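Report on one structure; see the data block that follows.
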Amino acid sequence: MASTVLRLEAVRKSYAIGTPVETEVLHGIDLQLDKGEFVALTGPSGSGKSTLLNIMGLLDRPSTGKLFINGAETSRMDEAQLTQLRGQAIGFVFQTHLLLTAFTALENVMMPMLLQRGHPDELMRERALTLLEQVGLSKWQNNLVSNMSGGQQQRVAIARALALNPSLVLADEPTGNLDTKAAESVFELMRKVNQDSGTTFLMVTHNVAMAQRCDRTVDLVDGMIVSEQKK
Amino acid sequence: MNSLLFFEWIAAIRFLREGRMQTLFIISGVAIGVGVIVFMSALLSGLQANLFYRLLSSQPHIVLERPKQVVTPLHKAGPGQQLLAAIQTPQQRVSSVDQWQKVRDQMRLRKDILAVSPTVTGPAFAVKGSSNQAISLTGIDIDQYIKIVPLHEKMVAGTYRVTNNDIIIGTQLAEDMGMQLYDKLRVTTAGGANRTLTIVGIFDFGNRSANQRTTFVLLSTAQNLLNLAGAVTSIDITVADPYAAETIAQSIASETGLNALSWIASNSQFFQGMNAQSMSSMLIRLFVGLSVAAGIASVLVVSVVQRQKDIGILRAMGGSRGQVMRVFLIQGAVVGLLGSLLGSFFGFLLLTAWRFGARNPDGTSMFEIVLDPKLFLFAALIATFTGLVAAVTPAIRAARLDPVVAIRG
């Protein structure tokens, strides 16, 4: 049986707790992601996908319920421990390819490693170069990311997400802002990384065709998982 | 290696570089502030040093005199009695310091005193033909006295080395009486003594009344003319630390029972003026410093808002609050440091321009401005520190940003 990378147990999330406008966004989510899976998270706007993604990415905490990352329960961890775990275990790819515009492609890919260790070394560089090569951008390594196209930036973001060899990559509509061709190639790239390295992927997407090409589709509506389909 | 904060430095410098205009403006702002502070400080310390030198080089640090003569009523009021008496302040005659040789030797033993010079001073008339002028006759021991007042630096003609029949006078007296070097001058005193002396030197104290009134003769000459054989009217003293003159004067007064008047006490107005000047320049510097700090802080606050997304990315990628905070602290310090370097250069240019521009009519510089490297170092340190302190609030704000909110923008 494949090992579990992430597990959610009865996770609820409310905003404005204790005020008259208290709203519960997630109503008890149970979800498990196994190693090597490529999961699509679908659902209409406002269904709580981003909130769920932020909780899984340790950027936000659940109001109640438990979150296990690689077997470790996270509710008792303090801010610094969460930051540490986030850096090591999780890679992010955002919809709007959020890169640091003041840095080159290579430096952006090195950034998670740099943040972890504080200073650069040759190994870091080599790793970043390998990753850039993997996403087909080794020629662009010294370009400022602000001078690159949307598709290229998203590839840099994927390379960056993989920098610390995370067990899980969370991708929030990674192809949402790209044209069909670029979207296809970015998806192909993630799928390839997933198959080659066994990294687990969770991808939020509105693209039904793309979702159907994933190992599993999780459909979220109004803060509840309404259906799960396995291929 | 972590202690070098490599990541923080790189990120701080990249962020500053990316925000070109903003960075340039705030660095110029800091530079102008630092430049003004450097210029003002150097100008003021040059000016004050010059004023102090002028004042101190024309008078002793401490003058010892015989205590003032006082009257004490013969009868004292008994219990239940009221004494009706009019007490007149006695006139102060020119009179000698008791046992002045002993006092002089005692003073020479003190470590805080550099030079001791007994002098005889009294009123006299300078007479030439039918014209005469009231003068102050000062009898000095020349070798001792030049350690008190650097006469040799003040001479405009002739020599300060006098013999028994010589006199040194000021430029104004020479002009008033139409006299030149080696002319004869008759000096008479109220006691009836008179003597004809040769003018061997003319000095300029830079002060009209001193140049008109003050004259120097040998101690023995003055003693003869003023009818004070073997006596001195005051003992002039130079101390090692001019600013401690008042304390030393008080200790001498209690040690000898003489009146000890320090230059600080006799120039209290000058000191008040100096203090007021220092205080106002201090305030100006403080406010310039504060406005520099406010400038840095406001630019960084804006930068935190602009960098919100970047901060969110850094946090999402495992960057700690401490790392984010230090990135902004370093930005503040770097802005302070670069601004102060540029400002020091700017201040240096201003001072150089001043040195060339501000001159006396005769072409000599008005006063010497010393460009002290310490001043520049100090300005750089203070500005860097100010930058760091100014960055604290923005840096804390940056560190506290919720990554979820930050990424959403």
>> Which residue is farthest from the chain's Cα centre (by Cα), if the candidates are limited to the range B:314-334 and must be within 12 Å of another protein chain (Cβ to nearest Cβ), assigned to a helix (DSSP H, G or I) and surrounded by fewer than 24 Cβ atoms within 10 Å (Cβ to Cβ)?
In response: B:Arg321
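Is there a residue in the range B:339-348 that is in the same structural domain as B:Ile27 (by TED's automatic domain parsing), more than 25 Å from B:Ala42 (Cβ to Cβ), crowded, with 16+ Cβ neighbours inside 10 Å and at pLDDT 80 or above? Walk me through how you get there before you give the answer.
If we filter the range B:339-348 for residues that are in the same structural domain as B:Ile27 (by TED's automatic domain parsing), which is where we start, we get B:339-348.
Now restrict to residues that are more than 25 Å from B:Ala42 (Cβ to Cβ): none.
Among the residues of the range B:339-348, not one is in the same structural domain as B:Ile27 (by TED's automatic domain parsing), more than 25 Å from B:Ala42 (Cβ to Cβ), crowded, with 16+ Cβ neighbours inside 10 Å and at pLDDT 80 or above, which makes the answer no.
Got a sec? Which of A:Leu170, A:Leu202 is surrounded by 23 or more Cβ atoms within 10 Å (Cβ to Cβ), part of a strand (DSSP E or B), at pLDDT 90 or above and within 13 Å of chain B (Cβ to nearest Cβ)? Explain how you work it out, then say what you get.
Values: A:Leu202 fails: within 13 Å of chain B (Cβ to nearest Cβ).
Just a single option satisfies the conditions, and that option is A:Leu170.
For (1) assigned to a helix (DSSP H, G or I); (2) under 26 Å from A:Gly36 (Cα atoms), each residue gets a yes or a no:
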{"site": "A:Leu132", "(1), (2)": "yes, yes"}
{"site": "A:Asn142", "(1), (2)": "no, no"}
{"site": "A:Ser146", "(1), (2)": "yes, no"}
{"site": "A:Leu164", "(1), (2)": "no, yes"}
>> Looking at B:Ile296, B:Ile202, can you tell me which residue is within 30 Å of B:Ile382 (Cα to Cα) and buried (at least 19 other Cβ atoms within 10 Å of the Cβ)?
In response: B:Ile296
>> Among the numbered criteria (1) out of contact with any Lys or Arg (no Cβ under 8 Å at 6 or more places or on another chain); (2) under 21 Å from B:Gly312 (Cα atoms); (3) buried (at least 20 other Cβ atoms within 10 Å of the Cβ), which one does A:Leu58 miss?
In response: (1)
> For the range B:158-181, which residues satisfy the criterion of being of a type in the set (Ser, Thr, Tyr) and under 18 Å from B:Asn132 (Cα atoms)?
Replying inline: B:Thr171
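Considering only residues that are assigned to a helix (DSSP H, G or I) and among the basic types (Lys, Arg), which ones fall in the range B:292-313? It would help to see each step written out before you state the result.
Here is the first cut: in the range B:292-313, the residues assigned to a helix (DSSP H, G or I) are B:292-306, B:308-313.
Correct list: B:Lys309 only.
Out of the residues in the range B:42-93 meeting the condition of being among the hydrophobic types (A, V, I, L, M, F, W, C) and without any contact (Cβ under 8 Å) to a residue 12 or more places away in the chain, tell me which one is nearest to B:Leu258 (Cα to Cα).
As a first pass, look at the range B:42-93 and keep what is among the hydrophobic types (A, V, I, L, M, F, W, C): B:42-44, B:47, B:49, B:51-52, B:55-56, B:62-64, B:70-71, B:74, B:77, B:83-87.
Adding the requirement that they be without any contact (Cβ under 8 Å) to a residue 12 or more places away in the chain leaves B:74, B:77, B:83-84, B:86.
On the way: B:Leu74: 24, B:Ala77: 30, B:Leu83: 31, B:Leu84: 31, B:Ala86: 27 Å.
Per the stated criteria, the residue is B:Leu74.
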>> Go through the range A:95-130 and report how many residues are outside any helix (DSSP H, G or I), under 18 Å from the mean Cα position of the chain (by Cα) and at the interface with chain B (Cβ under 9 Å from one of its Cβ atoms).
In response: 4
>> Among the residues of the range B:29-61, what is the count of those that are more than 12 Å from B:Phe376 (Cα to Cα) and either within 13 Å of the chain's Cα centre (by Cα) or not in a helix (DSSP H, G or I) (or both)?
In response: 19
>> Looking only at the range B:1-12, how many residues end up being in contact (Cβ under 8 Å) with a residue 60 or more places away in the chain, within 9 Å of chain A (Cβ to nearest Cβ) and assigned to a helix (DSSP H, G or I)?
In response: 3
> Do we have B:Thr138 as modelled with pLDDT of 85 or more, farther than 18 Å from B:Ala260 by Cβ and out of contact with any Pro (no Cβ under 6 Å at 6 or more places or on another chain) here?
Replying inline: yes
> Can you find even one residue in the range B:148-155 that is hydrophobic (A, V, I, L, M, F, W, C), assigned to a loop (DSSP other than H, G, I, E, B) and surrounded by 20 or more Cβ atoms within 10 Å (Cβ to Cβ)?
Replying inline: yes
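Between B:Ile237, B:Ile252, B:Ile248, which is surrounded by 15 or more Cβ atoms within 10 Å (Cβ to Cβ), part of a strand (DSSP E or B), in the same structural domain as B:Val116 (by TED's automatic domain parsing) and among the hydrophobic types (A, V, I, L, M, F, W, C)? Write out each step before concluding.
Details: B:Ile252 fails: part of a strand (DSSP E or B); B:Ile248 fails: part of a strand (DSSP E or B).
Going through B:Ile237, B:Ile252, B:Ile248 in turn, the sole match is B:Ile237.
Which one of B:Leu16, B:Leu24 is away from every other protein chain (no Cβ under 14 Å) and part of a helix (DSSP H, G or I)? Outline the logic, then answer.
Working: B:Leu16 fails: away from every other protein chain (no Cβ under 14 Å).
Result: B:Leu24 is the single residue among B:Leu16, B:Leu24 that is away from every other protein chain (no Cβ under 14 Å) and part of a helix (DSSP H, G or I).
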> What's the number of the condition A:Phe92 fails, among (1) farther than 29 Å from A:Glu73 by Cα; (2) hydrophobic (A, V, I, L, M, F, W, C); (3) facing chain B (nearest Cβ under 10 Å)?
Replying inline: (1)
> Say we look at the range B:273-313 and pick out the residues that are under 26 Å from A:Ala102 (Cβ atoms) and free of Cβ contacts under 8 Å to residues at least 24 places away in the same chain; which of these is nearest to the other protein chains (Cβ to nearest Cβ)?
Replying inline: B:Val305
>> Could you tell me how many of the residues in the range A:64-89 are more than 9 Å from every other protein chain (Cβ to nearest Cβ), crowded, with 16+ Cβ neighbours inside 10 Å and free of Cβ contacts under 8 Å to residues at least 60 places away in the same chain?
In response: 4
> Going by the conditions given, is B:Pro118 touching a strand residue (DSSP E or B) at 6+ places or on another chain (Cβ under 7 Å), crowded, with 19+ Cβ neighbours inside 10 Å and not in a strand (DSSP E or B)?
Replying inline: no
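Conditions (1) more than 24 Å from B:Val187 (Cα to Cα); (2) assigned to a loop (DSSP other than H, G, I, E, B), marked per residue:
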residue	(1), (2)
B:Leu83	yes, yes
B:Ala86	yes, yes
B:Thr89	yes, yes
B:Ser95	no, yes
B:Lys102	yes, no
B:Ala124	no, no
B:Ala134	no, no
B:Leu137	no, no
> Residue check, A:Leu53 against (1) in contact (Cβ under 8 Å) with a residue 12 or more places away in the chain; (2) within 11 Å of chain B (Cβ to nearest Cβ); (3) part of a loop (DSSP other than H, G, I, E, B); (4) not aromatic (Phe, Trp, Tyr), all met but one. Which one?
Replying inline: (3)
>> Please go through (1) surrounded by fewer than 22 Cβ atoms within 10 Å (Cβ to Cβ); (2) within 14 Å of B:Thr119 (Cα to Cα) for B:Val217 and return the number of the only condition it doesn't satisfy.
In response: (1)
> Within the range B:350-361, can one find any residue that is farther than 25 Å from B:Met282 by Cα, among the aliphatic types (A, V, I, L, M), surrounded by fewer than 14 Cβ atoms within 10 Å (Cβ to Cβ) and at pLDDT below 85?
Replying inline: no
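The values are calculated or read from the model by the stated rules, or taken from the named source; none is laboratory data. All of these numbers come straight from a predicted model, not from anything done at the bench. Note: ideal-geometry Cβ built from the backbone for every residue, glycine included; neighbour counts use all protein chains shown.
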